[in-house]
Structures are given as C-alpha cells and as structure tokens.
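The values are calculated or read from the model by the stated rules, or taken from the named source; none is laboratory data. Note that the structure is predicted; figures quoted are calculated from it, not measured. Backbone-built Cβ (ideal geometry, glycine too); neighbour counts: all protein chains shown.
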C-alpha cells in the first residue's frame, strides 16, 4: 500500500515538473499513471491531488469536458473529507472553466461561492487570485469600475502574502482595464509598474505580458515608433519561448513598420 502511495506521489511530482515547463503530454501521462495507483489503493486524499492535477492539465490544453469531470469528482471527495479549503480551490477552478468558455454569470457564481469558503478558511493567497478572477469577469462584462475594485483588492492581498508575480499580473490587468476605457496615461503607468516588478523577478514572460499591453496603448495614441520598438521585443520573446502568438505578432509588427514608412513618406 505505502509503496503504491509513494509511487503516486512521485508520479504527481514528475507530472508537476513537466507541467511547469509546458510539457503537457508528458505531464498528463504521469498523472494518468498516478490515478491508476490511487484507484487501486482507494486513498481519497491522494485521489483528490491526482484528479485535481488532471483537471488542471485538461483545462489548459482545452479539454474542457474532461477537466469538468475531474473537478466534479474532486469536489465530491472533498465534501466527504470535509476539506473546505480544498472545496474553495475546486470551485474557483470550475469558475475558471466557465470563464474560459465566456460563461461569465456562471463563472461569477462559482467564484462567489469559492470566496465565501476562502474567507471562512482565511485562505488569503487563494483569495488574492480569486479577486483577480472576479476582476476579469467584471471587465469582460463591461463593469470597469467593479473590475478595478476587484484588481485593487487582489493587489492588496498579493502584497500581503508576498506574491510578487501576482502583483505584476494585477497591475497589468488594471492597465488593460484602463486601456479598454481609453485612459491611456493611467494604463501606461500601471503596465510600467507591472513591467518593473517582473524585471526585478527576472520573469521574462511577465515582462512580455506588460509590454504587450503597452504596445496597444502606444499604437492607439499614435506613438507608432514606441509601439513598434516594444512589439519587436515581444516578438523576440515569442520566438525564444515558442509562444502561440508569434505569427500574429510578427505580422502585426510588419504592419506597424509599414505604417511608419508610409507616415515618413507623407511627412
């Protein structure tokens, strides 16, 4: 029994390692093997961990139905185990699935249910992320003031629990919300804050994320030179990390450069 439990733990650890590097196929294979072990031992806590990981991997690789089935099984087990903290996390994951599908009302319902539990269990770290999720729902449904309020609450909690990458994300999200309201100067200030936090963390992907929003700000303001220079840096990063927007951003850079040439000719 213990041998199998140890094996499940090791397979989950390997899976997490693959997951963090973006090797989803390998991660899935590890989790699936761990699940076989857990089904044999019937260890409910181990099952919760493994099924949660499987849910996450299915969610990021677009297998929404499979993710939903895994999360729902996790939720049933957590209720049996009386694990309120775990239930809060799973409800947030179910909300994320709804948000990914653009089902904003259902996403919000899950998030608010999760928020109640996280408040009850004093799970500040999880609440910090959840407020950011609620901010996204508000932003995407046009409630910009509510979105900013949620992101600011997220920011306060991120600072409190020392989650610096989360702070970089929250500043970027606030910047994006201001951008949608055409409050360009505010948007630029927020994105620059996000960028400098990410630079201190040496987190290139988050630096790229902040720059991506800045590109849009500069482009909308007609500051095409600055937009093109920043987008060039974004494209370099897309290439380095094989990011999905490489082609789209390369094309956009080409168009920006052409616009610059045309404006010089007419100037």
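Candidates 103, 140, 113: the one that is surrounded by fewer than 24 Cβ atoms within 10 Å (Cβ to Cβ), at pLDDT 95 or above, within 25 Å of residue 65 (Cβ to Cβ) and out of contact with any helix residue (DSSP H, G or I) (no Cβ under 8 Å at 6 or more places or on another chain) is 103. Yes or no: segment 42-64 includes at least one residue that is out of contact with any helix residue (DSSP H, G or I) (no Cβ under 8 Å at 6 or more places or on another chain) and either closer than 22 Å to residue 108 by Cα or touching a residue at least 40 places away in the same chain (Cβ under 8 Å) (or both). Within segment 42-64 (the criterion being out of contact with any helix residue (DSSP H, G or I) (no Cβ under 8 Å at 6 or more places or on another chain) and either closer than 22 Å to residue 108 by Cα or touching a residue at least 40 places away in the same chain (Cβ under 8 Å) (or both)), the answer is yes, since at least one residue qualifies.
Being out of contact with any helix residue (DSSP H, G or I) (no Cβ under 8 Å at 6 or more places or on another chain), under 22 Å from residue 22 (Cβ atoms) and either modelled with pLDDT of 95 or more or surrounded by 15 or more Cβ atoms within 10 Å (Cβ to Cβ) (or both) narrows it down to one of 202, 211, so name that one. Give the derivation first.
Details: 211 fails: out of contact with any helix residue (DSSP H, G or I) (no Cβ under 8 Å at 6 or more places or on another chain).
Result: 202 is the single residue among 202, 211 that is out of contact with any helix residue (DSSP H, G or I) (no Cβ under 8 Å at 6 or more places or on another chain), under 22 Å from residue 22 (Cβ atoms) and either modelled with pLDDT of 95 or more or surrounded by 15 or more Cβ atoms within 10 Å (Cβ to Cβ) (or both).
Regarding segment 119-142, can at least one residue be identified that is outside any helix (DSSP H, G or I) and more than 29 Å from residue 82 (Cα to Cα)? Yes - at least one qualifying residue is present in segment 119-142.
Answer with yes or no whether residue 168 is under 22 Å from residue 129 (Cα atoms), more than 19 Å from the chain's Cα centre (by Cα) and crowded, with 20+ Cβ neighbours inside 10 Å. So residue 168 fails the test.
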